[in-house]
Amino acid sequence: MVTKLALLGAGRIGKVHAKAIAEDKRARLVAVADAFAEAANAIAAATGCAVKTIDEIEADPEIDAVIICTPTNTHADLIERFAKAGKAIFCEKPIDLDVARARACLETVRKTGAKVMLGFNRRFDPHFQAVRKAIDDGKIGTVEMVTITSRDPGAPPPEYIKVSGGIFRDMTIHDFDMARFLLGEEIVTVMAVGAVLVDPKIGELGDYDSASLMMTTASGRQCVISNSRRATYGYDQRIEVHGSLGSVSAENQRPVSIEIANKDGYTRPPLHDFFMTRYTAAYAAEIAAFIDCVETGSAPSPSAEDGLIALTLADAALKAAREGIAVSVKP
């Protein structure tokens, strides 16, 4: 059986997912929808799929599942719509920028029994998965402390900041999910500080461009997150997990992993320039995992519930940064 998929949204990430589907022999992209005809036509030409409206995709009984890559403010509505239509759903994070709206969306998901997977692609990065395997295999004993460094090469334009939901809901949300993935326990306390050190315009819009967070679980396990909208040396993505018997870490990745030694010292090539190249393998692996869920009927992971928890942690971090307090979160 070939899983038939439809793509909602033909922008940058939509193109990445279309490519991943095309490379998986178990699935076929049969339709694409986008408000911009040129973008939809480009993917249709590259993959051989049809350009359809969202209404047509919803009504088509031959389509098994949808990949939602539309703007954030459409996610919850589309999840509910296709859950009721009986289709499996993959949706880019977040479900919504508002926790209450996300909770309402999850109620629809539960009532319909729809399978919904959230696009926390970093769980599928082979390096981060190897870290998790080392933990599961007992290589470092009991997890005690997690350190996550996530810094972008440059700040997004003010127009993006206006609709992104802010640094915690847009950027740190990936790190919240990774923290849960590695800690193995739910986070119950969030402390955060935010500053505007990169672009004053970001501060004028009420957001931060630099943030540091400390989070704890009920047993006392700790996670520290460092975020910045500026890293002049490239896309900085590192994790370290310290345990009772040792530690395991994943270093920054480069398009070419070599080291040159000469009279000037030791030099290495630059880091990846952003997430589109750094997480290529992760994007392909998450789509493959979603196709597995559609084929086998297994529970998707990361789930819609994982998305809600990450959004709840983002809200807690914003409150902690604004008020200078430690915020308790219900597990």
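Rule-based calculations on the coordinates, nothing more; no lab input. Note that this is a predicted model, so its numbers are computed, not measured. With ideal geometry, Cβ positions are generated from the backbone for all residues, glycine too; neighbour counts draw on all protein chains shown.
Just order 322-331, 232-241, 21-30 by mean Cβ neighbour count inside 10 Å, highest at the front, would you?
So the peptides 322-331, 232-241, 21-30, ranked by packing, come out 232-241, 21-30, 322-331.
Per DSSP H run of at least 4 residues, take -39500 (n - 2.57); add these up for the chain, divide by its residues and hand me the 222 nm value, nearest 500 deg cm²/dmol.
Counting only the DSSP helices, I get -12000 deg cm²/dmol.
Under 5 Å between amide hydrogens, which residues at least 5 positions from Gln253 or on another chain qualify, with H placed 1.01 Å from N in the peptide plane?
Gln237, His272
So what J values fall out for segment 256-271 if you push phi through Karplus, 6.51 cos²θ - 1.76 cosθ + 1.60 with θ = phi - 60°, rounded to Hz, Gly and Pro as x?
Once θ is set to phi - 60°, the couplings for segment 256-271 become 10, 9, 10, 9, 10, 10, 8, 4, 8, x, 9, 10, 10, x, x, 6 Hz.
Give the cross-link partners of Lys25 among the aspartates and glutamates, using a straight C-alpha distance below 14 Å as the criterion and excluding same-chain residues fewer than 8 apart.
Asp292, Glu295
Using 29 Å as the Cα-Cα cut-off, could you pick out the over-long pairs in Lys93/Lys162; Lys93/Lys319; Lys84/Lys133?
Pairs exceeding the cut-off: Lys84/Lys133.
Helix 99-112 against the longest principal axis of the chain: what's the angle in degrees, Cα atoms only, rounded to the nearest 10?
For helix 99-112, the angle is close to 50 degrees.
For volume of the Cα convex hull per residue in Å³, the listed values are [x] 142; [y] 156; [z] 255; which was obtained by calculation from the structure presented?
[y]
About its Cα centre, how strong a charge dipole does segment 3-119 have in debye, to the nearest 20, once Lys and Arg get +1 and Asp and Glu get -1 at the Cβ?
400 debye
Using per-residue counts of other Cβ atoms within 10 Å, averaged over each peptide, order 262-271, 162-171 from highest down.
The peptides rank, most packed first, as 162-171, 262-271.
What is the antiparallel percent of DSSP beta bridges lying wholly in the chain, to the nearest 5?
So the antiparallel bridges in the chain amount to around 55 percent.
Report, in degrees rounded to the nearest 10, the 0 to 90 angle that the Cα long axis of helix 12-22 makes with the longest principal axis of the chain.
Taking Cα atoms only, the helix is inclined about 60 degrees.
Taking the Cα centre of the chain as origin and charging only Cβ (+1 Lys, Arg; -1 Asp, Glu), how large is the dipole, in debye to the nearest 20?
With only Lys, Arg, Asp and Glu charged at Cβ, the dipole is about 300 debye.
Rounded to the nearest 10 degrees, what's the angle between the helix 172-183 long axis and the longest principal axis of the chain, both from Cα atoms, 0 to 90?
The angle comes out at about 70 degrees.
Return the whole-Å distance between the Cα centroid of segment 128-193 and the Cα centroid of segment 269-312.
Using only Cα atoms to place each centre, the spacing works out to 14 Å.
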